[in-house]
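J.: Take a look at the following structure, please.
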Amino acid sequence: MIYDNIVLIGFMGSGKTSVGRVLAKKLFKDFVDVDSVIEEEQGSSISEIFETKGEEYFRGLEQKCINELTQKKGQVIATGGGVPIYSSISDKSLIIYIDADFDVIVDRLSVRERMKRPLFDDEEKARDMYNARIDRYKELATFSVDANQTIPTFIHVIVDYILDKRVL
Ligand code: S3P
């Protein structure tokens, strides 16, 4: 199967955006980030959208955004952590799960990065959400990568998979 795009999924703060940037560069693809596209189109931050319009409204924007992005080909698309839960993703996408443990994510996230994420306000609630979501991430993924190390230590695992299987 030859896929149109690579879609990165995983929990908040697992490194989808950073991985996506590096991967796109290595594969000579365009990089897009769903949250950034939404922020640009709405002219406000994710936190502001949650605050003023609510989560349901945000989920609608996410579905619209991922639908529009996957009309095109040749991109590496980083999604927000809720996309696999609340949206459907085109089956022409190679879906890669960036699989990091919750404690690793907590250690990695700076205060500033946490502040950008309204659903990370309460760490215990975020942990429950993580546990509730991981099965869905695994089930949806074409391929999962252990992302508990730094990006340079696992990026080649993704690149090798893509080149070996000739899926793009
Ligand atoms: C969310 C994840 C966030 C962002 C929003 C909701 C979620 O993106 O879309 O705060 O429901 O997991 P990141 O996964 O990039 O943090």
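J.: So, in the range 30-41, exactly how many residues are more than 9 Å from the ligand (Cβ to nearest atom) and in contact (Cβ under 8 Å) with a residue 24 or more places away in the chain?
T.: Residues that pass the stated criteria total 5.
J.: Please go through the range 1-29 and pick out each residue that is near the ligand (Cβ under 9 Å from one of its atoms), open to solvent by 10 Å² or more (accessible area, probe 1.4 Å) and at negative phi.
T.: M12, K16, T17
J.: Within the range 65-88, how many residues are touching a helix residue (DSSP H, G or I) at 6+ places or on another chain (Cβ under 8 Å) and either open to solvent by 70 Å² or more (accessible area, probe 1.4 Å) or closer than 18 Å to S36 by Cα (or both)?
T.: 16
J.: Need pairs with beta-carbon distance below 7 Å; first residue over 16 Å from K26 (Cβ atoms) and of a type outside the set (A, V, I, L, M, F, W, C) and within the range 143-168, second surrounded by fewer than 14 Cβ atoms within 10 Å (Cβ to Cβ) and modelled with pLDDT of 95 or more; sequence gap 6+ or separate chains.
T.: S144/K138
J.: Here's something else I'd like to know. Please determine, by comparing only the residues of the range 42-54 that are touching a residue at least 60 places away in the same chain (Cβ under 8 Å) and assigned to a helix (DSSP H, G or I), which one is nearest to the ligand (Cβ to nearest atom).
T.: Selected residue: I46.
J.: Tell me, which residue of the range 33-64 that is under 23 Å from L140 (Cα atoms) and open to solvent by 70 Å² or more (accessible area, probe 1.4 Å) is nearest to the chain's Cα centre (by Cα)?
T.: If we take residues in the range 33-64 being under 23 Å from L140 (Cα atoms) and open to solvent by 70 Å² or more (accessible area, probe 1.4 Å), then K64 is nearest to the chain's Cα centre (by Cα).
J.: A further question on this structure: Mind checking which residues of the range 89-139 are among the basic types (K, R) and either part of a helix (DSSP H, G or I) or open to solvent by less than 50 Å² (accessible area, probe 1.4 Å) (or both)?
T.: Those that are among the basic types (K, R) and either part of a helix (DSSP H, G or I) or open to solvent by less than 50 Å² (accessible area, probe 1.4 Å) (or both): R108, R112, R114, K125, R127, R133, R136, K138.
The values are calculated or read from the model by the stated rules, or taken from the named source; none is laboratory data. On a predicted model such as this, the values are computed, not experimentally measured, just so you know. All Cβ positions, glycine included, derive from the backbone under ideal geometry; neighbour counts span all protein chains shown. Side chains are part of the model used for accessible areas, which takes the heavy atoms of the whole protein and leaves out ligands, DNA and RNA. Shrake-Rupley method; radii C 1.70, N 1.55, O 1.52, S 1.80 Å.
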